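Taken together, the values in this text are just the output of simple stated rules run on the coordinates, not laboratory data. These numbers come from a predicted model, not from an experiment. Heads up, the Cβs are rebuilt from the backbone with ideal geometry, glycines too, and the neighbour counts pull from every protein chain shown.
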Amino acid sequence: MAAHRHGVPAHGHWTTSLCGCFEDCGNCCMTFCCPCVTFGRNAEIIDQGATTCCGGCCVFAILAEVGCACLYSCSYRSKLRQQYSLPDQPCGDCCVHFLCGPCALCQEHRELRNRGFDPSAGWASHAHKMNAPSAVTGPS
């Protein structure tokens with residue numbers, strides 16, 4: 001995959017820090033105003049289209065109303081870390097999302113961008129980059 005700005009990111013290393021929110025001011029503002037949108041965009045890319053942006057956004061918003069969104073969003077951080085062998089830093093995924101949810105969402109968004117994805121464009125515009133079954137098989 002082509003990287004966003006920094007060449008090909010090293011497998012096993014985060015490309016930005018948890019507190020690097022202002023590296024992408026647009027996403028930082030979006031996330032602090034409406035974290036469910038950033039989550040939905042990230043989830044669609046992380047799940048390779050299995051979760052839609054709208055679906056992820058709605059589930060996150062509902063769970064946020066009852067104070068449980070971090071339990072949902074931390075599972076996507078875990079998936080992202082597994083996909084790129086990223087370290088569990090600075091602490092566990094649920095802890096990061098519980099204590100610094102917006103910062104975690106921003107970091108995950110930047111990570112996807114730096115690995116060649118534009119979460120705001122959705123999975124369909126990136127499916128060709130992966131060897132995903134949805135990208136190579138037609139309708140049944």
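Sorting the segments 19-25, 47-53, 61-67 by their mean number of nearby beta carbons within 10 angstrom, highest to lowest, gives 47-53, 19-25, 61-67.
Evaluated at 25 °C with a viscosity of 0.890 mPa s, what Stokes-Einstein diffusion coefficient in µm²/s does the range 20-140 have when Rh comes from the Kirkwood expression over alpha-carbon pairs?
The Stokes-Einstein estimate is 170 µm²/s.
All other residues whose Cβ lies under 14 angstrom from that of Gly55 are scored, Lys and Arg at +1 and Asp and Glu at -1, for a net of -1.
Summing charges over all other residues whose Cβ lies under 13 Å from the Cβ of Cys74, with Lys and Arg as +1 and Asp and Glu as -1, gives 0.
GNM on the chain, alpha-carbon springs under 10 angstrom: the most fluctuating residue among Cys34, Cys103, Cys70 is Cys34.
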